[in-house]
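First comes the structure, then the notes that go with it.
The values are calculated or read from the model by the stated rules, or taken from the named source; none is laboratory data. Quantities reported herein were computed from a predicted structural model and do not represent experimental measurements. Quick reminder, even Gly has a Cβ in these numbers, built from the backbone with ideal geometry, and neighbours come from all protein chains shown.
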Amino acid sequence: MSSSTSIDNPIYGPFFGVMGAASAIIFSALGAAYGTAKSGTGIAAMSVMRPELIMKSIIPVVMAGIIAIYGLVVAVLIAGQLDVPQNYSLYKGFIHLGAGLSVGFSGMAAGFAIGIVGDAGVRGTAQQPRLFVGMILILIFAEVLGLYGLIVAIYMYTK
Amino acid sequence: MSNKSKKATGGASDANQQKLAKQRSHDSQDYSAFKVVLFYCSLIVFLPVVTFFVLKGFVLERFFTMSDVKVNIAAAVGAVAALHVSLGVYIYRAYFGGSKASKED
């Protein structure tokens, strides 16, 4: 056991990979939860007066949920490669930690943006329906921040 | 209330029925909106997960000779693409279908 662990394959190598997978889903879920909760309060306040707009106003919640799916995809990818230290080099662990952190923190940032924009946008859409297109555009630009993190994470994962 | 009942002594049942019909139409509208939203939300949540594992487990490993990492990447990209397609369909439906419903109200 101890003979097969070397300086390239130390016993703590998989620790970094595990932390990468965990941080990918933890921070993405944190951002998605904030986005859902913040835009959910806006939807609840707006739906009292305009219940027919529910279908339109659910969109920020759906977009916040997508952030968590980004984190889930990267976490599953990393978890699929985790192995015993003999087959899992320290370099792989570092790469996986970086991939997880990149998608996790990007997802958190995107979730915060979606929450704040969704709250204000949904409240505004109730009073001026033409704001809807602008809200969708801003939400897409917020969502894309999480997608950038996913792209970088997948690119790192291929190394 | 008393004013209303005096006016509608003749057509009390009529007014009641109208109210009921209105309530029913509201309920059916709510129900249909709920069905649409539930369908799209479950589509957006489950489609990428299903796509990921179907692509990884069945399609790519059987029909293509790729390395493990490439299969994973292709499955992840496919899942994210499926996710965005379903999100786009939902936004399209909310934008064009939802405006019709709001005009009716």
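Quick one: in the stretch A:16-50, which of the residues that are surrounded by fewer than 17 Cβ atoms within 10 Å (Cβ to Cβ) and without any contact (Cβ under 8 Å) to a residue 60 or more places away in the chain is farthest from A:Leu101 (Cα to Cα)?
Only one residue tops the list, namely A:Val48.
Assess whether A:Leu131 counts as being surrounded by fewer than 24 Cβ atoms within 10 Å (Cβ to Cβ) and either modelled with pLDDT under 95 or not charged (D, E, K, R) (or both). Talk me through it step by step, then tell me what you get.
Details: surrounded by fewer than 24 Cβ atoms within 10 Å (Cβ to Cβ): yes; either modelled with pLDDT under 95 or not charged (D, E, K, R) (or both): yes.
The answer is yes for A:Leu131.
Restricting attention to the stretch B:38-85, which residues are facing chain A (nearest Cβ under 9 Å) and of a type in the set (Val, Ile, Thr)?
B:Ile44, B:Val45, B:Val49, B:Val69, B:Ile73, B:Val77, B:Val80
Consider only pairs whose beta carbons are under 8 Å apart and that are at least six residues apart or on different chains; among these, list those whose first residue lies in the stretch B:21-37 and is at the interface with chain A (Cβ under 9 Å from one of its Cβ atoms) and whose second residue is surrounded by 10 or more Cβ atoms within 10 Å (Cβ to Cβ) and among the aliphatic types (A, V, I, L, M).
B:Gln29/B:Ala101; B:Ala33/A:Ile54; B:Ala33/A:Met55; B:Ala33/B:Ala101; B:Val36/A:Met55; B:Val37/A:Ile54; B:Val37/A:Met55; B:Val37/A:Ile58
Pairs needed: first member in the stretch A:137-159, within 16 Å of B:Ala75 (Cα to Cα); second member anywhere, among the aromatic types (Phe, Trp, Tyr); C-beta distance under 6 Å; at least 6 residues apart or different chains.
A:Leu150/A:Tyr70
Condition check ((1) crowded, with 17+ Cβ neighbours inside 10 Å; (2) of a type in the set (Val, Ile, Thr)) across all residues:
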position	(1), (2)
A:Ile67	yes, yes
A:Gly71	yes, no
A:Leu97	yes, no
A:Val144	no, yes
A:Ile154	yes, yes
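So, of the residues in the stretch A:111-128 that are within 14 Å of chain B (Cβ to nearest Cβ) and in contact (Cβ under 8 Å) with a residue 40 or more places away in the chain, which turns out to be surrounded by the most Cβ atoms within 10 Å (Cβ to Cβ)?
Restricting attention to the stretch A:111-128, the residues satisfying the condition of being within 14 Å of chain B (Cβ to nearest Cβ) are A:114, A:118, A:121-122, A:125-128.
With in contact (Cβ under 8 Å) with a residue 40 or more places away in the chain added as a condition, the list becomes A:114, A:118, A:121-122, A:125-126.
Values: A:Ile114: 34, A:Gly118: 30, A:Gly121: 24, A:Val122: 29, A:Thr125: 23, A:Ala126: 20.
For the stretch A:111-128, the residue satisfying everything is A:Ile114.
Test each condition in (1) under 13 Å from the mean Cα position of the chain (by Cα); (2) over 28 Å from B:Tyr31 (Cα atoms); (3) surrounded by fewer than 23 Cβ atoms within 10 Å (Cβ to Cβ) for A:Val103 and report the one that comes out false.
Condition not satisfied by A:Val103: (3).
What do you reckon, is A:Lys159 assigned to a loop (DSSP other than H, G, I, E, B) and at pLDDT below 95? Break it down stepwise before answering.
Details: assigned to a loop (DSSP other than H, G, I, E, B): yes; at pLDDT below 95: yes.
Yes; evaluated as a whole, the condition is true for this residue.
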